[in-house]
Amino acid sequence: MAARKNTKLKPAHVGKKKIAVKRYWDSTQKKGGEDAEEQKKTEHGEQKNNLEGGMPYLKKKRKAQTGKMGISGKVDPFPGLAPISKEKLKKFKRGEKKKMSVRTGGRLKQSLSRAEVASKLAQKQAARYDLLLPEDAGCLEGDEDEDTCIILQEDIADAVDITSGAKYFNLSLSQFGPYRVDYTRNGRNLLLGGRRGHVACMDWQSKQLTCEMNVMETVNDVKWLHSEAMFAVAQKKWLYIYDSSGIELHCIRKFNDVLRLQFLPYHFLLATASTTGFLQYLDVSVGKEVAAICTKAGRLDVMALNPQNAVIHLGHPTGTVTLWSPNQREPLVKMLCHKGGVRSVAVDKTGTYMVTSGLDRKLKVFDVRTFQPLKSYFLPAGASCLSLSQRGLLCASTGNIVQVYRDVCGTPVKKPYMTHRVRGSVWGAQFCPFEDVLGVGHAEGFTSMIVPGAGEPNFDGLDANPYRSVKQRQEWEVKALLEKVQPEFIGLDPGLLGMVDRAGWEQRHQDKVQALGFDPLAKVKFTPRLKTKGRSSSGKVEKRKKQVAHEDQRDQIRETVERLQKEKQKKENNNTDRGQRSALDRFRK
């Protein structure tokens, strides 16, 4: 039905508009919009007035950017990033900037510039996040007129907290000693190897034993591999690889009479030194021997690793120390360090300083960059075992006395930092990474000493994480295998890898000759004669040139193949003749 004329129609609900709820930021946005419009007008007017110079316009713009208002409506009093001190930037510097020559190509220039920008960014970020490192290195300080070397380990363990005091302990293992000691790279696990066959690995912080066995054979040295899942044992005859549960994985008979072991973590190489004077490298990722070098120096029982460039340092009875790489059959460097035989060698983590001790009862510090002696100390009884900590503390053991020296490489040292007497003669000592602990293996077992200021207080969780789980360890192992450094890159200067090899024309020509098998520039190029009736067009001329060139190549290839076949036939004939020889052949003329 139609509506009456007098009745009013109700308005439809479709056309209604909801009133928007007023938010607290609407007022600031409006104010900000009005300020921005006014700012644009002023900048536009100043730009018109300053068309010639233009500098006041830029200054005004920068001021407007620094005085930007936030959500709360307040101006930031400290705009931009926080400044970084030059000392921190210098601490995390990664070498000098390489200058590019004029001949450097465009793509190479771009990649090098990108790498330089990434290096600067990493340096700034590392310096900025240095504030977030939670721990600081400590030290041992005595009272007035008190030497720290007379403070006993029992007093230190009673003075510190319970967790730190538990790090001082003794293991009485007098039946199978003396013992060799090795810690994992993250400082969590400990490996012990007794001279009379006892091998044990444990989590030394929780005192939980992982495995224990007796190999019923003389053990010369023990070494952890890339993780706590495997370790190597140098036994009387051959080299053995075991897993963390004590199951024998490999018996490598090519490596016989091994005395000392060193592991290169970034190359996955196990270096061994034997009684026969051979230095051998084993790639543990594929199980192959990389190099076997005869040093011609007799028995090798002194060995150290430079962690900076992965070069092996060997000490010899003649008083010399030689530096070796798997790429060369001769030593990289040969240094005369002592008048008598070398007893022990240690290299710091930066690869800058080397400390040696000899039968002449002297302790010497050398600069590996210049191969010159820096300091020389006289010890009444000499030092039989040396070890350097992450922060530069030196452990020198003599008989059953362990002495720790502080800042040996810098200032002259007159007295030790700490001393401790163990139950038996020391056979092996090593500082625990990221802990103020020194592990000492001796004839009566093992002793864990507390040495304040020895370890690095902060660890890199991506490289060596003491608290990683099994899953994290597996992921790290895969990444480390993908980033494995080839043994061909081991040398004295690891910075050579980042440099550009600019080969000359002669070198490029020789490489081309070796790749092709012939010299393309040895013979004069063929120039075809002119023919008529359209037979000297550019396409036909090029076709004739290629045909002649291919014929020359075929002749050269045919000659090389014939020569190789003749050599092969000659070798086979010689082998057959040797097989049919008799005892009377030596009287033939």
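The values are calculated or read from the model by the stated rules, or taken from the named source; none is laboratory data. Quantities reported herein were computed from a predicted structural model and do not represent experimental measurements. When we count neighbours, we look across all protein chains shown, and the Cβ atoms used for this are built from the backbone with ideal geometry, even at glycine. Accessible surface is based on the protein model in full, side chains and every heavy atom, while ligands, DNA and RNA are left aside. Shrake-Rupley method; radii C 1.70, N 1.55, O 1.52, S 1.80 Å.
Anything over 27 Å Cα to Cα? Flag those among LYS99/LYS349; LYS223/LYS349; LYS93/LYS349; LYS349/LYS479; LYS237/LYS288, in the order listed. From the list (LYS99/LYS349; LYS223/LYS349; LYS93/LYS349; LYS349/LYS479; LYS237/LYS288), the Cα-Cα distance tops 27 Å for LYS99/LYS349. With Cβ to Cβ distances under 13 Å as the rule, what net charge do the other residues near THR210 carry (K, R +1; D, E -1)? Overall, the nearby charge balance is -2. Of the solvent-accessible surface of segment 364-435, computed with a 1.4 Å probe and all protein chains present, 51% belongs to carbon and sulfur.
Could you put GLU141, GLU444 in order of accessible surface area, largest first, with the 1.4 Å probe and the full protein assembly present? Intermediate values should be presented prior to the final figure.
Details: GLU141 145, GLU444 65 Å².
These residues rank, largest area first, as GLU141, GLU444.
Checking every one of the GluC sites (Glu not before Pro) in segment 449-499 against DSSP loop status and a limit of 15 other Cβ atoms within 10 Å picks out GLU483.
Residue ranking by accessible heavy-atom surface, 1.4 Å probe, largest first, among PHE489, PHE231 comes out as PHE489, PHE231.
Summarise the accessible area of segment 195-270 (1.4 Å probe, protein heavy atoms) by the percent that is carbon and sulfur. Exposed carbon and sulfur together represent 48 percent of the surface.
Taking all protein chains into account, the per residue accessible area for segment 314-446 stands at 42 Å² (1.4 Å probe).
Around PRO466, with a cut-off of 13 angstrom between Cβ atoms, what is the net charge of the other residues, counting Lys and Arg +1 and Asp and Glu -1?
With Lys, Arg at +1 and Asp, Glu at -1, the net is -3.
Sorting 168-177, 264-273 by their mean Cβ neighbour count within 10 Å, with the most densely packed peptide first, gives 264-273, 168-177. In order along segment 262-267, the phi-based Karplus estimate (6.51 cos²θ - 1.76 cosθ + 1.60, θ = phi - 60°) of 3J(HN,Hα) comes to 9, 10, 9, x, 7, 10 Hz; Gly and Pro are listed as x. Note on LYS120: aspartates and glutamates with a C-alpha under 14 Å away, same-chain residues under 8 apart excluded, are GLU96. In terms of its Cα atoms, segment 335-493 spans 51, 38, 27 Å along the principal axes, sorted from long to short. Pull up the cross-link candidates among the aspartates and glutamates for LYS570, meaning alpha carbon to alpha carbon under 20 Å and not fewer than 8 places away within one chain. Those aspartates and glutamates meeting the cut-off are GLU559, GLU562, ASP585.
Among the aspartates and glutamates, select those whose C-alpha is under 16 Å from the C-alpha of LYS415, and discard any that sit fewer than 8 residues away in the same chain. Straight-line reach from LYS415, under 16 Å: GLU141, ASP145, GLU146, ASP147, ASP407. Counting heavy atoms of the protein chains alone, ARG508 has an accessible area of about 130 Å² for a 1.4 Å probe. Take the Cα of LYS74, step 7 Å toward its Cβ, do the same at LYS120, and the gap between the two points is 3.4 nm.
When only the heavy atoms of the protein chains count and the probe is 1.4 Å, how do LEU132, LEU393 rank by accessible area, highest first?
LEU132, LEU393
In the context of the full protein assembly, ARG554 retains an accessible surface of approximately 130 Å², using a probe radius of 1.4 Å and ignoring ligands and nucleic acids. Using heavy atoms of the protein chains and a probe of 1.4 Å, the accessible area assigned to LEU462 is about 150 Å².
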